[in-house]
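**Student:** Got a structure for you, written out below as structure tokens; questions coming shortly.
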Amino acid sequence: MKGFVRFLLTITLLASATTGCFTPPDYSPVPEIAFNSMDKFEVIEPFSKAKQDSVIITIEFKDGDGDLGESPANRDDPRYGEWGNYELKTLRRTTGNQFVEFPLPGNNKLFFPILKPDGKKGPIEGRLDYSHYFPHSNNSRPTTVKFQIRVRDRALNVSNVIESDTISVHLLQ
């Protein structure tokens, strides 16, 4: 009987230890982002067969209320203004080794999908990838660039601004 009681106590202690309470992280409702990585691949455009540089930028995010992303139906909401919920600025290295913004027409108003589709309020964290293409042409040449990125949530809270590492891509001159 004594062995059986010890066995029950051991099982109870193990069960208590493994089913402890989970405390969700306490993140700010204002999104926070950090640069993670950037990869470049040379790809062939399927229709024209033209070469292009494909750059995939990965950022990490944290958001306290989980309202990151937007549905396609709400992407015309005038509250988003000029840049949507993902802002990507391309900065080109100049001859003076400084970086200046090089506006690209495809980066005007960018969106990423809702990251917490269940709609429940609560903290989320993870990684977000964005890919951008830089076509090769007679008028383009390899250029060193870096990117500035920020995001905003559906409550219009704007994250911090981050910068990527540098990379060489084909830019139209």
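**Student:** Can you tell me which of ARG92, ARG154, ARG141, ARG150 is loosely packed, with under 14 Cβ neighbours inside 10 Å and touching a residue at least 24 places away in the same chain (Cβ under 8 Å)?
**Tutor:** Values: ARG92 fails: loosely packed, with under 14 Cβ neighbours inside 10 Å; ARG154 fails: loosely packed, with under 14 Cβ neighbours inside 10 Å; ARG150 fails: loosely packed, with under 14 Cβ neighbours inside 10 Å.
When all the criteria are applied, what remains is ARG141.
**Student:** List the number of the failed condition for VAL30; all other conditions in (1) β-branched (Val, Ile, Thr); (2) at pLDDT 95 or above; (3) assigned to a strand (DSSP E or B) hold.
**Tutor:** Here VAL30 meets the rest and fails (3).
**Student:** Would it be correct to say that GLY84 is at positive phi and not aliphatic (A, V, I, L, M)? Before you say what the answer is, go through the steps one by one.
**Tutor:** On the way: at positive phi: yes; not aliphatic (A, V, I, L, M): yes.
Judged against the criteria, GLY84 is a match.
**Student:** Just to check your reading of the model, which residue among VAL169, VAL100, VAL158, VAL151 is modelled with pLDDT of 90 or more and in contact with a Pro (Cβ under 6 Å, 6 or more places away or on another chain)?
**Tutor:** Numbers: VAL169 fails: in contact with a Pro (Cβ under 6 Å, 6 or more places away or on another chain); VAL100 fails: in contact with a Pro (Cβ under 6 Å, 6 or more places away or on another chain); VAL158 fails: in contact with a Pro (Cβ under 6 Å, 6 or more places away or on another chain).
Exactly one residue qualifies, and that residue is VAL151.
**Student:** Kindly indicate whether any position in region 139-147 is under 19 Å from ASN36 (Cβ atoms) and more than 18 Å from the chain's Cα centre (by Cα).
**Tutor:** Narrowing region 139-147 to residues under 19 Å from ASN36 (Cβ atoms): 145-147.
Checking the rest, the ones that are also more than 18 Å from the chain's Cα centre (by Cα) come to 145.
The answer is yes, given that some residue of region 139-147 is under 19 Å from ASN36 (Cβ atoms) and more than 18 Å from the chain's Cα centre (by Cα).
The values are calculated or read from the model by the stated rules, or taken from the named source; none is laboratory data. Fair warning: this is a prediction, and the values are worked out from it, not measured in the lab. Cβ coordinates were reconstructed from backbone atoms using ideal geometry, including for glycine residues, and neighbour counts include every protein chain displayed.
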